Structure formats: C-alpha cells, structure tokens
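Working notes, structure below.
Here, each number is a calculation from the coordinates, and none is a lab measurement. Source: prediction; values computed, not measured. So basically every Cβ, Gly included, is an ideal-geometry build from the backbone, and we count neighbours across all protein chains shown.
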Amino acid sequence: MSTSSGKKYKIVVTQDLGKDVMPILLDRPDFEVVVWHGTGPCPRSWLLENAVGASGLVVLLGNKMNAETFDTAGPSLKVVSTMSVGYDHVDLDALSQRGIRLGHTPDILTDAVADISVMLALMASRNAKQTAHIVENGEWPTSVWAPYLFCGPQISSSWIKPTPTVGFIGFGRIAQATLSRLIPFGYTHCLYTTNPTSPRDTAFESGILEKHPTLKEVKRVDLYSLAKESDVVFVLAPGGDKTRHIVNETFLKSMKKTAVLVNTSRGTLVDSDALAKALKEGWIWGAGLDVVEGEPNVGADHPLVKEPRCIVLPHIGSATNETRLGMATLTAKNLVAGVLGEDMPAEYKVSK
C-alpha cells in the first residue's frame, strides 16, 4: 500500500544493486525509486538533491549519513539501509534524534571475510608480495636460489611452536569463523580482547573449547598481553572513536618479531605510520591489510604500500559473488520493511 494520501514512498538508491536485486524495489507499485546509475558512488550533491522528501535511503560505506542528510530528506525519512555490516559512516546520534531506523548486513559476509583474513596471514608470512613481483617483473630466470631465500615464519603446524597462539582484537562472528579455519593449521591457543567494560564470559569460552576439541585455551586478556603472546594478530573490532589507533606504536613494539598483523575490519584501528615504522625497523615480520585509514586515497607512494612485507588489498573482504548478492538482497529487504514499519530482517537498534 502507499501513503494514506495515495502518494508513493520515495526511495533513493545511491548505487544500482543489480538486476537480481533491484526488482525488490522497482516492482513495488507503492514505491517511487530514484537510482544513481553513474560509475562509482553517487556525488554528495546528487544525494542531497534527490533525498528531499525521501522515505528511505539505500546507501553504501562511502555515503556520509549525517544531520545534513537527514534534515535535507525531511520528516518523511523513515529508514536508512546500508549495504555494509559497519555503520561508522552513519551519525547514530543524529539518526536516533530523528527516530530514523537503520538496516545493515551482518552475518552474510562472515565466511568471506574470515577466508580473506586467513589468506592475508599466509600471504604476509610467506613473502607473497616480494616473490610475486619477481615473477611479474621477469626476474625469476635470473634469480639465484639460496637455502633461506625469501623464507618467512610458518604460521601452521603445532610442532614448530610449543604453544601456537592466535590473537583477536574483537571476538565476534568473523573472528570466531577465522579461528575455526586456523585450528586445522595447528593452533592450540586463542587469546582475545573485547569491550573492556563487559565482564569476562567463561561459559562462552568453554563453549568454544567444546566446539574445537584440539583447542587447549580460549582466554580473554588485556591488549598488550595479546600483542606479546600471539603469533598472528587479527584486527576484527568495530570502527569508531573508541577503537581508533588501538594498534599503535606501543602495541606493535610489544609483538613478536616473527608475528604477523592482519586487519580486515576498519583502517582506523591501525596507526598506519606506526605500522610502516614497525615493518621497516623489524618490530614485526609482516602485515596483511584489506583496509587502510584514509581509504580509498591510498596510492603507490603510501608508506604501507611501499613496504615489501605488507600486503594491501582494496577492501575486498566481502567481494564474492554470493556474499555481495546476499548483502544487496538484505539491504533491499531491510529498506522495504523499514519504510512499511515492519520488522526488518537485520536492524541495528539505535538507542535514543
């Protein structure tokens, strides 16, 4: 049904969600859908111009959702549906003050991000960047083999380390899925940090141990104990002011020289300058990054891109066909439910 006056709900979509998803919105007779069909994200000016009178906004990480956006849309705006798990591009206070609902896409990308997290750990530890360049640059035929050439720390097999330990900054769904993938590699000890204000949940830890019989320890520790004891550290906490630069110079200096750091969460959690210094001076072995602070403005001259033991990917953690289709579908369904005042499949409850 449409509004009581018979006027259609105006829906603004900041990027086409594809032929398999857009009919969820376009085929509704009660929706008037405005879509940005240009290459790349829509300009801010286009969004503000078309947001006027909108009941729902479908947005991506690059679309800044703040008081200006909401006030431009006006009192008709009922829901913002973002095709992302994270919501650090959304001003939650401004959203809450106006009673606007927020949809996001958790769970669907868990496996895809866990896969790429393990991939980055392996690539960083085994010098994939340096050695791939040898082949790409045509240098392999003239390279001289040596017994320890391009060797790196082996992050698998328990016989190599007495207590192979993985550390997680943030221990939610993606971190637990990553742990599940690492246990067959021989990891027997898992350390994690989480919100310091929440109490330690020993029943939760026991449940993880029961699920993985070869795992000997799951333990919540302080940040610097995690840095000191872990062979690989995965950064998987939410973004925001509270976690900005949680991985800083002090943390990196506490890590093992053979350790690898992986960040597949948000670039703001890692101090890029400190990490570049850590890699250059050998505080840690290597790093695998799917996210970097300031992205996408990360060029060839970026200090992390220039480091030979740092793998940098352009935020492709969820980039599988299946995952992106699932995210887009959920985004559209969240939007429909939010506009109609129904229960959303995946609503982030914004506290007032």
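Remind me, relative contact order of segment 110-312 in percent, using alpha carbon pairs under 8 angstrom and six or more residues apart? Could you put the intermediate results ahead of the total?
Numbers: 381 pairs, mean separation 45.0, N = 203.
The value is 22 percent.
How much of the DSSP bridge set in the chain is antiparallel, in percent, rounded to the nearest 5?
Working: 2 of 43 bridges.
If we restrict to bridges inside the chain, about 5 percent are antiparallel.
Enter the Cα centre distance for the pair segment 1-71 and segment 146-190, rounded to the nearest angstrom.
44
Find the eigenvalues of the gyration tensor of the Cα atoms of segment 110-312, then list the square roots of 5 times those eigenvalues as equivalent ellipsoid semi-axes, largest first, in whole angstrom.
Details: eigenvalues 159, 86, 41 Å².
The answer is 28, 21, 14 Å, longest axis first.
Placing +1 on the Cβ of each Lys and Arg and -1 on the Cβ of each Asp and Glu in the chain, which of A300, G62, G239 has its Cα farthest towards the positive end of the resulting dipole?
Positive-end residue among those listed: G239.
Could you work out the relative contact order of the chain, using alpha carbon pairs under 8 angstrom and six or more residues apart, expressed as a whole percent?
On the way: 682 pairs, mean separation 65.6, N = 352.
Relative CO of the chain lands at 19 percent.
Hey, what D do you get for the chain in µm²/s if you plug the Kirkwood alpha-carbon radius into Stokes-Einstein at 20 °C and 1.002 mPa s?
Working: Rh = 22.1 Å.
Result for D is 97 µm²/s.
If a/c stays under 1.5 just call it rounded; otherwise compare a/b with b/c (prolate if a/b is bigger, oblate if not). Do that for segment 198-303, with a ≥ b ≥ c from the square roots of the Cα gyration tensor eigenvalues.
The shape class here is prolate.
Mean Kyte-Doolittle of at least -1.0 plus a Cα span of 24 Å or more along the axis: flag which DSSP H helices in the chain meet both, please.
Working: long enough: 321-340 (29 Å, 0.45).
For the chain, where a helix must reach 24 Å along its axis and average at least -1.0, the hits are 321-340.
Once you have a ≥ b ≥ c as the square roots of the Cα gyration tensor eigenvalues for segment 87-227, tell me rounded if a/c is under 1.5, and otherwise prolate or oblate according to whether a/b is larger than b/c. Let's see the in-between values first.
Values: a/c = 2.74, a/b = 1.46, b/c = 1.89.
In terms of gyration-tensor shape, oblate.
Which whole-number percent is the relative contact order of segment 28-98 (Cα, under 8 Å, 6+ apart)?
Working: 73 pairs, mean separation 22.3, N = 71.
Computed value for segment 28-98: 31 percent relative contact order.
Highest mean first, what order results for 128-137, 83-92, 290-299 on Cβ atoms within 10 Å?
Working: 128-137: 13.4, 83-92: 19.7, 290-299: 16.4.
Packing order, densest peptide first, comes out as 83-92, 290-299, 128-137.
State to the nearest 20 debye the size of the charge dipole of the chain about its Cα centre, where the only charges are +1 on K and R beta carbons and -1 on D and E beta carbons. Before the final figure, lay out the partial values.
Numbers: 35 positive and 37 negative charges, 99 e Å.
That gives a dipole near 480 debye.
Springs between alpha-carbon atoms under 10 Å, Gaussian network over the chain: tell me which of F251, F185, F171 tops the mean-square fluctuations.
Among F251, F185, F171, the largest GNM mean-square fluctuation belongs to F185.
Between K277 and A67, what length comes free when the chain is fully extended (0.36 nm per residue of separation minus the Cα-Cα distance, one decimal in nm)?
Working it through step by step, the gained length comes to 71.8 nm.
Do you know the Lys pair count in segment 238-320 for C-alpha distances under 14 Å, with sequence separation 8 or more or different chains? Don't jump to the answer; show the numbers that get you there.
Numbers: K253/K277; K253/K280; K257/K277; K257/K280; K277/K306; K280/K306.
Lysine pairs meeting the criterion: 6.
Quick one: among K19, K257, K280, which has the greatest mean-square fluctuation in a GNM of the chain with alpha-carbon springs under 10 angstrom?
K19
Report the Cα centroid-to-centroid distance between segment 74-145 and segment 215-282 in angstrom, as an integer.
Taking the Cα centre of each part, segment 74-145 and segment 215-282 sit 17 Å apart.
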